[in-house]
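S.K.: Okay, handing you the structure first.
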Amino acid sequence: MTSHITFIGGGNMASAIIGGLLRQGMTAQQIDVVEPYAEARDKLQAQFGITALHGPGPALAKASLVVWAVKPQTFKEAALQTRFHTKQALHLSVAAGIRSDSIASWLGSQRIVRAMPNTPALVGKGMTALFGRPAVTEADRALVDRVMAPTGQFLWVQAESQLDAVTALSGSGPAYVFYFLEAMTQAGADMGLSREQAHRLAVGTFVGASELAAASDDPPEVLRQRVTSKGGTTYAAILSMEQDDLKNAFMRALHAARHRAAELGDEFGS
């Protein structure tokens, strides 16, 4: 990859992408980060050997790709400070909720790709959805593919509105898994296992079940039915969850996350 890439924001997601790019063969000299906090800049420079800047400036003009890894509430201010230095670049945003119309207006560019990644990208097991505005070329998409590949799996969606659903499903999804892991670990401890044993059993079960689902052509319903013999232990657990209306409660939670993603666009996109 011969491009020069600038990251605006140097948090966990930026670090995940930078680490993947370096493993892929990019050099540290090809990557800059704009990060206002000195402690974070020092950490990035020590970890990756890249150049970390305290603010935007003329040096950003060499970037062929700018990755926006900022919080939604700070995006507009950062964009307005940066726009004059990055007019020729392709822009890739990993900020939740902020719509590409807003980003294009702030940056004065139509070459905008929005990404909705999740935190397993930190270990190369992420799931990312991507949307490109009409001005984004096939070459631009290919560049984004190469940038995101080291973080895990990715897919392109046709409508930007779908990214709110992606945010609810996979963007926030790791937190749901961790929530269930909390419950399984506590239940295991309550039933006499050590917390370490319960945690290991719970994590291993999620990993194994996910790998089985990924490898199987059968839908989750069929996989569940195969381990749910009527009158058995799994049946007792599923019946208890159904009596508590857990599936519908969980689905309502995802709709709440989707609604909040749309609100973020309204709240911080003007």
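S.K.: Kindly provide the set of residues from region 105-138 that are closer than 12 Å to residue 155 by Cβ and aromatic (Phe, Trp, Tyr), ordered by number.
M.R.: The one that is closer than 12 Å to residue 155 by Cβ and aromatic (Phe, Trp, Tyr): 131.
S.K.: In addition: Do we have residue 202 as over 30 Å from residue 100 (Cα atoms), among the aliphatic types (A, V, I, L, M) and under 25 Å from the mean Cα position of the chain (by Cα) here?
M.R.: Criteria met by residue 202.
S.K.: Filter region 227-266 down to the residues that are part of a helix (DSSP H, G or I) and acidic (Asp, Glu), then identify the one that is nearest to the chain's Cα centre (by Cα).
M.R.: By that ranking, first place goes to 263.
S.K.: Another question, then. Among the residues of region 102-131, write down those that are under 15 Å from residue 164 (Cα atoms) and not β-branched (Val, Ile, Thr).
M.R.: 114, 115, 116, 117, 118, 127, 129, 130, 131
S.K.: Can you find, within region 66-93, the residue that is surrounded by the fewest Cβ atoms within 10 Å (Cβ to Cβ) among those that are within 30 Å of residue 207 (Cβ to Cβ) and in contact with a Gly (Cβ under 9 Å, 6 or more places away or on another chain)?
M.R.: Here the residue is 69.
S.K.: Quick check on my filter: what residues within region 55-85 are hydrophobic (A, V, I, L, M, F, W, C) and either farther than 23 Å from residue 21 by Cα or in contact with a helix residue (DSSP H, G or I) (Cβ under 7 Å, 6 or more places away or on another chain) (or both)?
M.R.: 60, 61, 65, 67, 68, 69, 70, 75, 78, 79, 80, 84
Bear in mind these aren't lab numbers, they're just calculated from the coordinates by the rules spelled out. Quick caveat, the model's predicted, so the values are computed rather than measured. We place every Cβ from the backbone using ideal geometry, glycine too, and count neighbours over all the protein chains shown.
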